[in-house]
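Worksheet: the structure to be examined is printed underneath.
The values are calculated or read from the model by the stated rules, or taken from the named source; none is laboratory data. All figures in this text were calculated on a predicted structure; none of them were measured in a lab. No Cβ is skipped: glycine too gets one built from the backbone with ideal geometry, and neighbour counts run over all protein chains shown. Heads up: the accessible areas ignore ligands, DNA and RNA and are worked out on the full protein's heavy atoms, side chains in. Shrake-Rupley method; radii C 1.70, N 1.55, O 1.52, S 1.80 Å.
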Amino acid sequence: MTDWITPPTDGGERLDGAGAALVAADRVLTGRRGDAVGSLESIGEDDPQGGAVFIDGPCIRAVGPTTELTARLSELAAAAETVPAQVRRIDLPGTTLMPGLIETHAHLPTSGTDEEYPDYGAHEVARLTLNAARSARELLSLGVTSAQSLGARHYVDVALRDAINNGDLRGPRITAAGPQITVTGGHAHHAGGEADGLDEIRRQVRLHHKRGVDTIKAMTTGGFTTSGSVPWLAQFSQEELTVLFADAHRLGKWTAAHAHGTQGIERAVRAGVDYLAHASFISPAARSEPDPRLADEIAAAGIYVDCTITAELPRMIARDDAFAPPVRMLWEHGVKIVAGHDAGIPGVPTRGYVGGLEALETVGLPRAEVLLAATSRAAAGIGLAGVTGVLAPDFDADLIAVAGDPRAGLGVLRDLRLVVSRGREFIPDRIPGLTHRTGLDTFPGPGSVLGAWRNRDLLRARHPEV
C-alpha cells in the first residue's frame, strides 16, 4: 500500500490519459467524408445506442456503433491489458463525438492584447510566455486540441509546446514556428527573425532548427499590422524563397508563408511551400483581385490555405468589400481550405474561434467543408496527418463531445460536454464573452489600411496637372 503524503486527485476528470474507456454518444463524426457528395462520415446513427470510441490511454483503439463495441468489450479490454470491469464507461446522450478542433494560425503570446508586439520591458520573455500559456488553456477550453503557432518572439511557443507535451501545463498540442522570418524592417520584423540575402536566410532557418521549431514561416509579402509594410508587395525574391523552403525541408520542417499579394503567393507556391496564410490576392489597387490560374496552381501543388476568416470579417466586408478573401473561388478550384484565424493579433482573440468558423461558412464554404477544415484537413495542414484530426484506430485520442449535431448548425460547437486531449479529459475554464466590435471604420484592420491607400490615390487623382 502506498504511504501518501498527498494522495493524487482527479480534479473532476473522468479520463486520465492512462486507462481504458468507452465513450458513447448519439453519433460519431469521424473527420472523414461520407459516401454522399457533401456529406460527412457518421457512425452510430442507425444503432439504438448511438456511436462510441474506445480509448486506450492516449490513443484511440476502436470506433463503431455502441452496440458493436459493447459486444467486443472483452476483446478490447484484453488488448488494453485490462478487464471489462476496469474500463471507464462515459455515456453522453444528446451529443455528437467528433475530432478535437484545430487552430492552424495562432499567435499565442499576444492573444487579447491591444498591440501585436507589446513592450513588457525587462519582463518581456516571462510575460509573453505567461500570455501564451493562458492562450493555450483558452483554446483547449474551446475544444481546440491542436494549434499551429505561426509567430512568437523568443521561441516562447517552443517552450510552451514542450511544457504541454511534458504534462507541466494543459493546452492543445502545439506545432511551433518561433519568430517569423522576414526582411529587415519587413512585416513582423519585431519578432526578431530578420534576414537579408541567401546566407542570412540559411542561417535563420538553421537557427530556428537549432531552437527546436516544427514549422518555418516566411513573410513573403508585407502585411497590415506593421507600419511601412505594403501587403501587395513581395519581400523576398524567388531565389531567396526557394533556398529558404528547400533548407527547411532538408531539415524536416513544415513550411508556411504569410502571403497577401499575388506576386508573393506565386513565389511561395513555386518555392514549394506547404501552407499559405491569407492568400488574399491583394493588388496595388488595394483590393482583393483573385487569380484563378494561380488558384489552380495552388490546388495542383496540394498546398493548404487559411484565408484568415475571423468572426468580424463578414461585417467588415459588408462595409467595404475590398478585402473579401476568395474562399469560395479557391475551394471551387480544389484548394485545401483550413481553419486559421490569425488568432492573437489585435482584435482577434483566441476565444473567437467558433465565430470564425461561422464566418467561414458565411463567406461561402459549405458547412461540411468547414468542419473538415477545422478537424482532419486542418491536422494535415499543420503537418500532423496520421496523428490527430480523425477518430479512427491508432490516432491520438483528441476528441470533443458537443450537444446536438454540428451538421445542423455550427453554434453547437460552443456547447461542449467533453474535451479530451491525448486521452486525458480537460475541464474547460470559464471564458469571458466576446462581443462584436463597434466603430469598425477606425479598427486597425485590413479595411482601414486599404482604405487609407485608396484615399491617397483619390487625393492624387484630384490634383491638377501642373
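Counting Lys and Arg as +1 and Asp and Glu as -1 over every other residue whose Cβ lies under 15 Å from the Cβ of Gly197, the net charge comes to -4.
Taking a ≥ b ≥ c as the square roots of the Cα gyration tensor eigenvalues, the range 377-466 comes out prolate, since a/c reaches at least 1.5 and a/b is larger than b/c. Here the extension length gained between Arg454 and His249 equals 69.9 nm, from 0.36 nm per residue of separation less the Cα-Cα distance. With the simple model of a label 7 Å out from the Cα in the direction of the Cβ, Gln86 to Asp415 spans 3.7 nm. Once you reduce the range 1-34 and the range 129-145 to the center of their Cα atoms, the two points are 20 Å from each other.
With Cα atoms defining each centre, the range 150-191 and the range 260-304 are spaced 25 Å apart in the structure.
Sum up the charges of everything whose Cβ sits under 14 Å from the Cβ of His333, counting Lys and Arg as +1 and Asp and Glu as -1, but leave His333 out. It works out to a net charge of -2. By its C-alpha gyration tensor, with a ≥ b ≥ c as the square roots of the eigenvalues, how is the range 17-62 shaped: rounded for a/c under 1.5, else prolate for a/b larger than b/c, else oblate? In terms of gyration-tensor shape, oblate. Under 14 Å from the Cβ of Gly261, count the other residues' Cβ atoms, weight Lys and Arg +1, Asp and Glu -1, and hand me the total. Result for the local shell: -1. Using C-alpha pairs below 8 Å separated by at least 6 residues, the relative contact order for the range 238-360 is 22 percent. Asp296 sits with roughly 80 Å² accessible to a 1.4 Å probe, with DNA, RNA and ligands left out of the calculation. Dipole of the range 1-130 computed with +1 at Lys/Arg Cβ and -1 at Asp/Glu Cβ about the Cα centre; of Pro7, Gln86, Thr129, farthest Cα towards the positive end is Gln86. Ordered from largest to smallest accessible area (heavy atoms of protein chains, 1.4 Å probe), the residues Phe245, Phe395 come out as Phe395, Phe245.
Is the chain rounded, prolate or oblate when judged by the Cα gyration tensor, a ≥ b ≥ c being the square roots of its eigenvalues, rounded requiring a/c under 1.5 and prolate requiring a/b larger than b/c? Prolate.
Would you work out which of Phe245, Ala271, Gly143 lies farthest towards the positive end of the dipole of the range 137-275? Charges go on Cβ: Lys and Arg +1, Asp and Glu -1. Farthest towards the positive pole: Gly143. The alpha carbon centroids of the range 48-86 and the range 315-363 are separated by 38 Å. Residues Val37, Val327 ordered from highest to lowest accessible area at a 1.4 Å probe: Val37, Val327. Restricting attention to the chain, close to 45% of DSSP beta bridges with both partner residues there are antiparallel. Near Lys210, which aspartates and glutamates are there with a Cα under 18 Å away, not counting those fewer than 8 places off in the same chain? Qualifying aspartates and glutamates at Cα under 18 Å: Asp157, Asp162, Glu194, Asp199, Glu200, Asp247. When nucleic acids and ligands are ignored and a 1.4 Å probe is applied, Glu194 ends up with an accessible area of around 70 Å². Measuring nothing but how far apart in sequence close Cα pairs (under 8 Å, 6+ apart) lie, relative to its length, the chain scores a relative contact order of 19 percent.
Here r is the Cβ-Cβ distance between Glu115 and Arg206 and R0 is 30 Å; the resulting FRET efficiency, rounded to 0.05, is 0.50. Counting only Cβ charges, +1 for Lys and Arg and -1 for Asp and Glu, the dipole size of the chain around its Cα centre is about 460 debye.
On the protein heavy atoms, probe 1.4 angstrom, tell me the percent of accessible surface of the range 101-166 carried by carbon and sulfur. Looking at the range 101-166 in its full context, I get 51 percent from C and S. Calculated FRET efficiency, Arg430 to Met329, Cβ-Cβ distance, R0 = 51 Å: about 0.80 to the nearest 0.05.
Computed with a 1.4 Å probe over protein heavy atoms only, the accessible surface of the chain comes to 41 Å² per residue. Karplus-based coupling profile of the range 301-312, in residue order and whole Hz: 7, x, 7, 8, 10, 10, 8, 6, 8, 8, 4, 8, with θ = phi - 60° in 6.51 cos²θ - 1.76 cosθ + 1.60 and x standing for Gly or Pro.
Short-range pairs are left out: with C-alpha atoms under 8 Å and at least six residues apart, the relative contact order of the range 250-293 is 37 percent. Accessible surface comparison of Thr435, Thr70, Thr96, probe 1.4 Å, protein chains only, largest first: the order is Thr435, Thr70, Thr96.
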